[in-house]
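Written below as structure tokens is the structure these notes are about.
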Amino acid sequence: MAYVISDACVSCGTCEGECPVGAISQGDSQFVIDADSCISCGTCAGACPTGAISEG
């Protein structure tokens with residue numbers, strides 16, 4: 001199951017650089033994860049300083 005980013009995201013961009021498949025990008029108000037590209041590795045969740053990323 002793909003990871004998702006909650007409203008706790010502060011748009012710091014840390015997760016984007018950590019994603020090994022480039023599934024994370026800047027959305028309108030916060031970063032978003034492309035569920036079709038996400039390989040559910042959890043690297044982004046471990047890198048997020050606010051804990052805004054979880055398995056969806």
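The values are calculated or read from the model by the stated rules, or taken from the named source; none is laboratory data. Here the structure is a predicted model, which is why all the values come from computation and not from measurement. Note that we place each Cβ from the backbone using ideal geometry, even for glycine, and neighbour counts take in every protein chain shown. Heads up: the accessible areas ignore ligands, DNA and RNA and are worked out on the full protein's heavy atoms, side chains in. Shrake-Rupley method; radii C 1.70, N 1.55, O 1.52, S 1.80 Å.
A few notes on this one:
- Accessible surface, per residue, of the chain when the full set of protein chains is kept, probe 1.4 Å, Å²: 58 Å²
- Each residue of the stretch 33-50 was assigned a 3J(HN,Hα) from its phi angle through the Karplus expression (A = 6.51, B = -1.76, C = 1.60, θ = phi - 60°), giving 10, 7, 4, 6, 9, 4, 9, 6, 7, x, 4, 5, 4, x, 8, 5, x, 9 Hz with x at Gly and Pro.
- Within the accessible surface of the chain, defined with a 1.4 Å probe on protein heavy atoms only, the carbon and sulfur portion equals 46 percent.
- Applying a 4.7 Å Cβ-Cβ cutoff to the chain, the cysteines left without a disulfide-compatible partner are CYS9, CYS12, CYS19, CYS38, CYS41, CYS48.
- Sum of -39500 (n - 2.57) over DSSP H runs of 4+, divided by residues of the chain (222 nm, nearest 500): -3500 deg cm²/dmol
- Potential lengthening of the chain between SER11 and SER29 amounts to 5.7 nm, from the contour at 0.36 nm per residue minus the alpha-carbon distance.
- Positive minus negative residues near CYS48 (Lys, Arg vs Asp, Glu; Cβ under 14 Å): -4
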